[in-house]
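Before any comments, here is the structure.
The values are calculated or read from the model by the stated rules, or taken from the named source; none is laboratory data. Just so it is clear, the structure is predicted and the values come from calculations on it, not from any experiment. Cβ placement follows ideal geometry from the backbone for every residue including glycine, while neighbour counts extend to all protein chains displayed.
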Amino acid sequence: MNRFLFSLTLAVLTPLVGFAAPFNSSHIPADAKWVAHVDLEAIRASVIGKAMREHWLAKEKVQAHLDKVREEIGMDPSEDILSATLYGTKYEKHHGVLMITVQNADGQKLLARLNEKEPDNRMVEFEDARLYLWTKGGKQKHTVCGTLYDNRLMIFSRDVLQVTEVLDVLNGKNPALSSDSPLAASTPAGTTLLMRGIDLADARSVLKCPVLKESNWFELETGANAGKSFMNMTIDTNSDEVASNAKGVIDGFRALISLKRGKENLKQLLSNLEVSTEGETISATWSADETTVLESIKVMVAKHKKHKGGWHKEGWHKKWREKH
C-alpha cells in the first residue's frame, strides 16, 4: 500500500484511449453508494502537480526506488499509473473496490512479483479473467482478490464477488451507473479529486462529520484548469436548519482566521471562498491562481518545518517555558 501511495504522488501520465484518467462512470456498478476518483493526468497538468513531481524526482532515494519498481513490475510509476478509483455498494469498513488505470503493464512481471511476495496465492478463473487471491494482515487476516483487465485496469477488493461484479459491468453484462445518478454527473475540466456519496442515512454509523450524518448526498470536486485552482462542494442536507448551521460554521471559521496574526497566506486563499444555501442544500465554491496557491503552500510548508524543527530540536518543554 505504501508503494501504491508513493506511485500516486509521483505519477506523470499520458492519455490512454478507452481508459482515460478522468472519472468514468461506465466502470461503476449501478448499485454503488459512493465513489472517489484521483485523476493523475490532471495532477500532472497542474502547476502544483508539476512542482511536486520536480521536487520528489530530484531526490536520489526516490529515483532509486523508482528504478527498483521498474525492474520488479515492468512499469514506471512516474509514467504509467493514470488514475485511481474507489467505490462501494454499501457503507461498511473495509468494503469497496479499488481500480487503477495503467499503461504499459507487463502481466508476466506483475504475476512473478505476486508469486514472490505472496507464494501461497491461488488463481481462480471467471469466464475469460484470471483472479488471484492471497492473504494479508497480521492478527486480523483477510483475503485480497486482484485481476488485470484488458492489460489496462487493475482491480482489487477483499470480496471476490465485487471483483466479478465489476468485470460483468466492464463486459456489458451488468448495468453501470445510470446517467441520472448523482454519482455519474459530469465533472469540470481539470478535476483532480472527486468524492461523491448518496443515501447517507445508511452511513451514519461510519461517518464522523455531523453535517453529513444529517444529509442525503454530497459532492466534492477539486482541481485546476486554465491557471486556476478550484474547489466545488455541494451537500443536500435533511433540513434548512442543518444547511444554515453548516454555513454558519464555515463563516465562523473564516472570520476566526481573519483575526489571527501571521496567517496572511491562508487569509488570502480563504477570501475567495463563497458559501451559500438554497433550502436544504449548502454549496461552497473557491478558486485562486495556481501560482498563488503554490507560493502559499511553500510558505506554509516552510513555516511548519521551522516550527517542527525548533520544537523537536530544543524540546517542547523549553519552548513552552519561553512562551509562557
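Which one is surrounded by the most Cβ atoms within 10 Å (Cβ to Cβ) among residues in the stretch 219-258 that are in contact with a Lys or Arg (Cβ under 7 Å, 6 or more places away or on another chain) and within 27 Å of GLY49 (Cβ to Cβ)?
First pass over the stretch 219-258, keeping only residues in contact with a Lys or Arg (Cβ under 7 Å, 6 or more places away or on another chain): 219, 257-258.
From what's left, within 27 Å of GLY49 (Cβ to Cβ): 219, 257.
On the way: GLU219: 20, ILE257: 14.
Looking at residues that are in contact with a Lys or Arg (Cβ under 7 Å, 6 or more places away or on another chain) and within 27 Å of GLY49 (Cβ to Cβ), I get GLU219.
Would you pick out the residues in the stretch 112-121 that are in contact (Cβ under 8 Å) with a residue 12 or more places away in the chain and either among the hydroxyl-bearing types (Ser, Thr, Tyr) or surrounded by fewer than 13 Cβ atoms within 10 Å (Cβ to Cβ) (or both)?
Step one: list which residues in the stretch 112-121 are in contact (Cβ under 8 Å) with a residue 12 or more places away in the chain, which gives 113-114, 118, 120-121.
Of everything in the stretch 112-121, just one residue is in contact (Cβ under 8 Å) with a residue 12 or more places away in the chain and either among the hydroxyl-bearing types (Ser, Thr, Tyr) or surrounded by fewer than 13 Cβ atoms within 10 Å (Cβ to Cβ) (or both), namely ASP120.
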Problem - Flag if LEU212 is more than 30 Å from ARG122 (Cα to Cα), crowded, with 18+ Cβ neighbours inside 10 Å, within 22 Å of the chain's Cα centre (by Cα) and touching a residue at least 60 places away in the same chain (Cβ under 8 Å) - result: no
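Of everything in the stretch 33-91 that's outside any strand (DSSP E or B) and hydroxyl-bearing (Ser, Thr, Tyr), which residue is farthest from MET195 (Cα to Cα)? So that I can check it myself, show each step before the final result.
Initially, the stretch 33-91 is screened for residues outside any strand (DSSP E or B), giving 33, 40-80, 89-91.
The next check asks that each one be hydroxyl-bearing (Ser, Thr, Tyr); those that pass are 46, 78, 89, 91.
Values: SER46: 19, SER78: 24, THR89: 14, TYR91: 14 Å.
That would be SER78.
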Problem - Residues located in the stretch 177-191, provided they are in contact with a Ser or Thr (Cβ under 6 Å, 6 or more places away or on another chain) and outside any loop (DSSP other than H, G, I, E, B) - result: ALA184
Fill in the blank from the handout: When TRP286 is run through (1) part of a helix (DSSP H, G or I); (2) at pLDDT 75 or above; (3) closer than 25 Å to ALA226 by Cα, the failure sits at (1)
Exercise for the section: Could you tell me whether any residue of the stretch 165-176 is basic (Lys, Arg) and either assigned to a strand (DSSP E or B) or touching a helix residue (DSSP H, G or I) at 6+ places or on another chain (Cβ under 8 Å) (or both)? Expected result: no
Handout entry: Residues within the stretch 126-157 that are surrounded by 16 or more Cβ atoms within 10 Å (Cβ to Cβ) and touching a Lys or Arg at 6+ places or on another chain (Cβ under 9 Å), tallied
Key = 7
